[in-house]
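Okay, so here's the structure we're looking at.
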């Protein structure tokens, strides 16, 4: 049989004589029949149309996303401008409270909504001094070094000699605070706050625990008066910013009072002591304890129901300390 002569320059294995392989393009159409070439070109045209369509759709989608992002940016910029204006307004209000510009900070009440709860009404009457005609001499009482009278707080009955503490003592059971230590702490705080409302003096303002002094938001944004007694300044601001008073405040107050704790680490009997006159008084250690905001916590039930109150330290279950 006659052998076929190899193509010049190629080895029988498809390499040139130098050993390098020859690349044959897989897209070469030289060997296609006319029918195959027609089909291939038709297929290529379909692929190109689909590719162009996908590109157009992608461009359109990106354009829509860009419009949406620009809209969100404009909204955020507008919100930022509003927040800056609000900040400037509050800063200006604070500057107006300096000694050289009208009322001083201890002379300015928080901005309050009309009273609704029992505590609101008590605080309202002290603010407006409408109780003064019925009280014997509250100014004499609040000037006492032993203020507030623990006996009057715990008796829950009105006494003319100690009208402020008596009114708070009568209100105590209405608060339904589960923890005995927390209830005593809250009544103590209310007494100090009412004393400041009555006198609006620098000394009574500075005698407030630091965490009870009104925040800028309390001084500029209307809110129920009971909020001013809540221990945490940032929590009060969050409450004022987010709560719908008409529908949420009762549930909040219930959870707050049921789960509030001051985490008093000693027996309840250590809350009270006998003073130099053999009268019942608050243990100075307990007084120092409840003046420290770090000792206050709330049940996690409250933060679960009001997530915007996440700045308040919480404990997992209610406790009676």
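List of remarks:
- Burial order of peptide ranges 186-194, 58-66, 112-120 (average beta-carbon count within 10 Å, highest first): 186-194, 112-120, 58-66
- Overall form of region 188-318 per C-alpha gyration tensor (a/c, 1.5; a/b vs b/c): oblate
- Peptide ranges 164-171, 241-248, 217-224, 288-295 listed from the most packed, as the mean C-beta count within 10 angstrom indicates: 164-171, 217-224, 288-295, 241-248
- Annotation: extensible slack from residue 287 through residue 61 equals 74.9 nm (criterion: 0.36 nm per residue apart, minus Cα-Cα distance).
Any read-out appearing in this document is the output of simple, stated calculations on the displayed coordinates, not a laboratory observation. Predicted model only: the values in this text are computed from it and were never measured. A quick note on method: Cβ atoms are made from the backbone with ideal geometry, for glycine too, and the neighbour counts reach across all protein chains shown.
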